[in-house]
Amino acid sequence: MSISPALASAAQPLYRVDPIAPPATAHGEGFAVNAGGDVAGEVDGAAFVWHAGKVIRFPGVPFTSFDGPYTSVATALNKYGVAGGHDGNYQPCVMSGLQLATAMRFANGKASFVDASRNGLCGFEVDGINDAGVLVGSSAFRGFVRYPGGREISVKPLSTRPVDNGTRASAIDNEGRVVGGTTIDARTASAPEGYSSYVIHAFEATFEGGIQRMRDLGGLSRFPDTYATAISEDGTVVGYSGLMTAPKTTTLAGPSHAWMWHAGRMTDLGGATSRDSFAYGVNDRGVVVGCAGDHAVRWVDKHIQDLNALIDPHSGWQLTCARAINRSGVIVGTGIFGGRTLPFRLVPTR
């Protein structure tokens, strides 16, 4: 794997590692960071929001007669400390292959169902939230945009065939631009058994006046499937790619290259590595974060750097994946410390 060890020999590491989880935590992951540097994720089966050095946990809540344990996860966080995510027992639903999950909102120390009328249905999850409190995610193969007060818009796919259509909305910015993945009217030449040959493309969409305007962001030459994971305030979109997808869904499979879309052009960010790469976060300074193989990485000016080379080599951390970055350059993700998988926060030192 060819990842630049840029600045590894600097006298002062570029980042300080802040552990997020309480000392007794057995497992955890970091998924989101807001403008103030607060963090959201999951520890020991419970969603959490980390603020001012304190972890607020939101344990899973049973919502059907299915056996537990119920796990909750916070996947997105806005500047007011309101998080979105999901709760569920993560058993495949009969005949669908989806997970039994319900969308959740975490705020002021309390967890609440986004729409209790859908509790017990399959695959209802929140992936993104903006500062206005608008939630985006997926409900049974179809993306949604849900506004405070309960008004909801379904994200229509670009594909027009009568079957096997799907969308998922992964993120929303403060201008209301939504990104994610959609099925399109194209097929690959062949697909492995159990997979569809239908193609998934990343999209960017707006919903002004309730009218959907969706832009197909395209694919990479060797990776027909693409999925968008994040959008910055300047309109840069990042994501990952694949060679095949499960039927109807926007879950990509096969080898992946991270990519960046800016000013109408998609750039392959994974060409310099020999392992799969995924981009999960971007800020409006153009810094992209994600993972390549089992390394947390960042891309600066489209050049990949191993984040492990930018921290104190004696910290005891192995950073495995970066999931989000804010305007100040604070990065959140997951790593290994003391043999345990735990969430981390990286704070720039200069």
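The values are calculated or read from the model by the stated rules, or taken from the named source; none is laboratory data. Note that the coordinates shown come from a computational prediction; the quantities given were computed from them, not determined experimentally. No Cβ is skipped: glycine too gets one built from the backbone with ideal geometry, and neighbour counts run over all protein chains shown. Note: areas computed on protein heavy atoms with side chains; ligands, DNA, RNA excluded. Shrake-Rupley method; radii C 1.70, N 1.55, O 1.52, S 1.80 Å.
In terms of distances greater than 21 angstrom between alpha carbons, the cross-link table entries K79/K302; K54/K110; K79/K156 yield K79/K302; K79/K156. Near G60, the amide H atoms lying under 5 Å from its own belong to A47, S72; only residues 5 or more places off or on other chains count, and H is placed 1.01 Å from N. In this structure the chain gives 43 Å² per residue of accessible area when probed at 1.4 Å with all protein chains present. Taking θ as phi - 60° and the Karplus parameters 6.51, -1.76 and 1.60, the scalar couplings of the range 220-225 work out to 9, 4, 9, 9, x, 8 Hz in sequence order, x denoting glycine and proline. For an R0 of 41 angstrom, estimate the FRET efficiency from the Cβ-Cβ distance between Y147 and D312 and round to the nearest 0.05. Plugging the Cβ-Cβ distance into 1/(1 + (r/R0)^6) gives 0.40. Between K302 and E175, the simple label model (points 7 Å from Cα in the Cβ direction) yields a spacing of 2.1 nm. Taking 25 °C and 0.890 mPa s as conditions, the chain diffuses translationally at an estimated 121 µm²/s according to Stokes-Einstein applied to its Kirkwood radius (Cα pairs). Length gained on full extension, R265 to H27: 81.8 nm, using 0.36 nm per residue less the C-alpha separation. Expressed as a whole percent, the accessible area of the chain that falls on carbon and sulfur atoms is 52 (1.4 Å probe).
Between the range 279-339 and the range 22-93, how many Å separate their Cα centres? Between the Cα centres of the range 279-339 and the range 22-93 lies a distance of 21 Å.
Sequence-distant contacts, meaning Cα pairs under 8 Å at least 6 residues apart, place the relative contact order of the chain at 16 percent. Take the Cβ atoms of R275 and K54, set R0 to 30 Å, and the FRET efficiency comes out at 0.25.
Based on C-alpha pairs under 8 angstrom that are at least 6 apart in sequence, the range 1-157 has a relative contact order of 13 percent.
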